[in-house]
Amino acid sequence: MSILKGTRIALGVSGGIAAYKAADLASKLVQAGATVDVILTKHATEFIQPLTFQAITKQPVHTGVFEGWREDWFGHISLAHASQALLIAPATANTIAKLATGLADDMLSSVALASTAPLIIAPAMEHQMWRHPATQANLATLRARGATIVGPETGRLASGEFGDGRLVQPEFILGALRQVLGRNGALAGRKIVVSAGGTHEPLDPVRFLGNRSSGLMGYAIAQSAIDQGADVTLVSGPTLLKPPYGAHFVSIETADEMAGAVRDASERADVLIMAAAVADYRPAESRTSKIKKGDPDEPSVIELTRNPDILASIDRPGLVKIGFAAETDDLIANATDKLKRKGLAMIVANDAVKTIGSDLSTATFILPYGEPEELPMLRKDEVADAILDRVARLLNGSNP
Ligand code: C5P
């Protein structure tokens with residue numbers, strides 16, 4: 001989450017039962033390296049104590065509008081000017097209405113009015129309040145002014161009823177924040193297609209040939225590209241991961257489906273990054289009924305057919321293609337051969353055994369010219385950041 005490191009974020013918390021979830025959000029922001037100025041409305045303090053946020057953020061928590069002004073601190077004006085983004089979670093119907101009309105009768109609404117920073121709103125309320133035309137009109141006003149509205153989601157509400165109005169998960173709110181902070185980054189205006197995960201090649205309706213890819217590397221690349229402002233399409237095989245906020249997500253199972261989805265998305269793209277572990281082979285026959293022990297045609301051998309090589313087959317002038325080579329032997333020689341064979345701008349070579357399924361990765365960048373560059377063992381999100389930095393430099397024509 002390097003994009004949040006060193007940022008200063010104002011977190012407004014308004015008075016609904018979901019206010020307690022804002023403590024977790026504040027903690028995640030702090031863990032990601034942000035300085036967090038928490039502003040509680042009076043009603044929020046009925047649900048959660050300022051001390052909770054003070055302990056988490058190690059910063060003063062703001063509740064009243066008339067804080068003492070010092071030479072270097074002008075209350076709501078200073079708060080508004082200091083922050084790179086104003087995040088309001090949970091945002092009640094009342095707070096949303098105040099923001100839409102421009103009222104400034106407490107610290108949070110005053111900061112919002114005095115701020116030119118991007119505004120991200122995560123609403124949470126009973127579903128009748130959410131659906132009320134007044135609330136919807138207020139949200140439309142805020143959206144038209146450029147605010148990002150995240151959620152709410154549908155589920156069990158505090159009243160015990162089921163409906164829309166639940167605060168979205170903190171990861172989702174952080175994802176929206178990352179997208180907003182990154183929108184003027186080095187990849188702004190660029191379209192990037194990323195493939196991730198392994199493919200499943202069916203043998204019958206319940207069985208498949210697959211591999212151990214977790215999807216971590218591709219998902220980290222998609223997130224890192226969003227952090228730098230790119231418009232990202234993530235084409236993914238089955239994984240346990242949640243797609244990053246803001247990615248156009250295409251879920252596929254087989255290599256053939258991945259080939260179609262990647263080809264479609266690449267038509268409008270600047271960059272294609274194939275991090276997926278595409279199965280090289282599929283069963284020559286996929287049965288429509290489950291194979292059973294003792295069937296007269298019980299197979300003793302699985303015959304295989306080659307899948308298309310997606311990366312090699314997509315060749316559009318101007319498309320920057322990045323590939324991966326996970327190898328067990330002769331890493332550099334094998335990866336360099338793939339770089340040439342598939343017409344790539346760069347290949348990321350790594351040790352298959354150390355990398356697959358792990359949070360960490362080795363990586364060596366190989367380009368058609370120059371010496372290979374070996375990164376130290378890093379977390380996959382750090383490798384992803386390094387890859388996207390390279391991609392940005394390749395796109396801008398500067399020599400990496
Ligand atoms: O040839 P190999 O499978 O080792 O090449 C790996 C690179 O090629 C990866 O970037 C992978 O996503 C891509 N690939 C592909 N289509 C395949 C097999 C691999 O695009 N059928």
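The values are calculated or read from the model by the stated rules, or taken from the named source; none is laboratory data. Note that this is a predicted model, so its numbers are computed, not measured. We place every Cβ from the backbone using ideal geometry, glycine too, and count neighbours over all the protein chains shown. With ligands, DNA and RNA removed, areas are computed over all heavy atoms of the protein, side chains included. Shrake-Rupley method; radii C 1.70, N 1.55, O 1.52, S 1.80 Å.
When segment 319-330 is examined, which residues are found to be more than 8 Å from the ligand (Cβ to nearest atom) and open to solvent by 30 Å² or more (accessible area, probe 1.4 Å)?
Looking only at segment 319-330, we keep the residues that are more than 8 Å from the ligand (Cβ to nearest atom), and these are 319-321, 328-330.
Listed by number, the residues that qualify are Thr328, Asp329, Asp330.
Would a scan of segment 13-23 turn up a residue that is open to solvent by 10 Å² or more (accessible area, probe 1.4 Å), out of contact with any Cys (no Cβ under 6 Å at 6 or more places or on another chain), among the β-branched types (Val, Ile, Thr) and at pLDDT 95 or above?
no
Would you confirm whether any residue within segment 365-373 is surrounded by 17 or more Cβ atoms within 10 Å (Cβ to Cβ) and within 14 Å of the ligand (Cβ to nearest atom)? Quick ask: steps written out before the conclusion?
Taking segment 365-373 first, the residues surrounded by 17 or more Cβ atoms within 10 Å (Cβ to Cβ) are 365-367.
Of the ones still in play, those that are also within 14 Å of the ligand (Cβ to nearest atom) are 365-366.
Scanning segment 365-373 turns up at least one residue that is surrounded by 17 or more Cβ atoms within 10 Å (Cβ to Cβ) and within 14 Å of the ligand (Cβ to nearest atom).
This table checks each residue for (1) within 26 Å of the chain's Cα centre (by Cα); (2) farther than 26 Å from Phe365 by Cβ; (3) of a type in the set (S, T, N, Q).
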{"residue": "Lys242", "(1), (2), (3)": "yes, yes, no"}
{"residue": "Arg287", "(1), (2), (3)": "no, yes, no"}
{"residue": "Ser313", "(1), (2), (3)": "no, no, yes"}
{"residue": "Ala325", "(1), (2), (3)": "yes, no, no"}
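Under 30 Å from the mean Cα position of the chain (by Cα) and either under 28 Å from Phe208 (Cα atoms) or within 14 Å of the ligand (Cβ to nearest atom) (or both): which single residue out of Ala349, Ala392, Ala333, Ala384 fits that description?
Values: Ala392 fails: either under 28 Å from Phe208 (Cα atoms) or within 14 Å of the ligand (Cβ to nearest atom) (or both); Ala333 fails: under 30 Å from the mean Cα position of the chain (by Cα); Ala384 fails: either under 28 Å from Phe208 (Cα atoms) or within 14 Å of the ligand (Cβ to nearest atom) (or both).
Of Ala349, Ala392, Ala333, Ala384, the one residue that is under 30 Å from the mean Cα position of the chain (by Cα) and either under 28 Å from Phe208 (Cα atoms) or within 14 Å of the ligand (Cβ to nearest atom) (or both) is Ala349.
If you check Asp295 against the conditions, is it of a type outside the set (A, V, I, L, M, F, W, C) and either away from the ligand (no atom under 13 Å from the Cβ) or modelled with pLDDT under 95 (or both)?
Details: of a type outside the set (A, V, I, L, M, F, W, C): yes; either away from the ligand (no atom under 13 Å from the Cβ) or modelled with pLDDT under 95 (or both): yes.
So Asp295 fits the description; yes.
When Ser358 is evaluated against the numbered criteria (1) touching a Gly at 6+ places or on another chain (Cβ under 8 Å); (2) more than 11 Å from the ligand (Cβ to nearest atom), which criterion, by number, is the only one it fails?
Every listed condition holds for Ser358 apart from (1).
Which is of a type in the set (D, E, K, R), touching a residue at least 60 places away in the same chain (Cβ under 8 Å), more than 9 Å from the ligand (Cβ to nearest atom) and surrounded by fewer than 22 Cβ atoms within 10 Å (Cβ to Cβ), of Arg287, Arg316? Before you say what the answer is, go through the steps one by one.
On the way: Arg316 fails: touching a residue at least 60 places away in the same chain (Cβ under 8 Å).
One residue alone meets the criteria, Arg287.
Only one of these is within 26 Å of the chain's Cα centre (by Cα), farther than 19 Å from Thr41 by Cα and crowded, with 21+ Cβ neighbours inside 10 Å: Ile173, Ile88, Ile120, Ile149. Name it.
Every option except Ile173 fails the conditions.
Can you go through Ala247, Ala279, Ala265 and tell me which one is near the ligand (Cβ under 8 Å from one of its atoms) and either open to solvent by less than 50 Å² (accessible area, probe 1.4 Å) or free of Cβ contacts under 8 Å to residues at least 12 places away in the same chain (or both)?
Ala279
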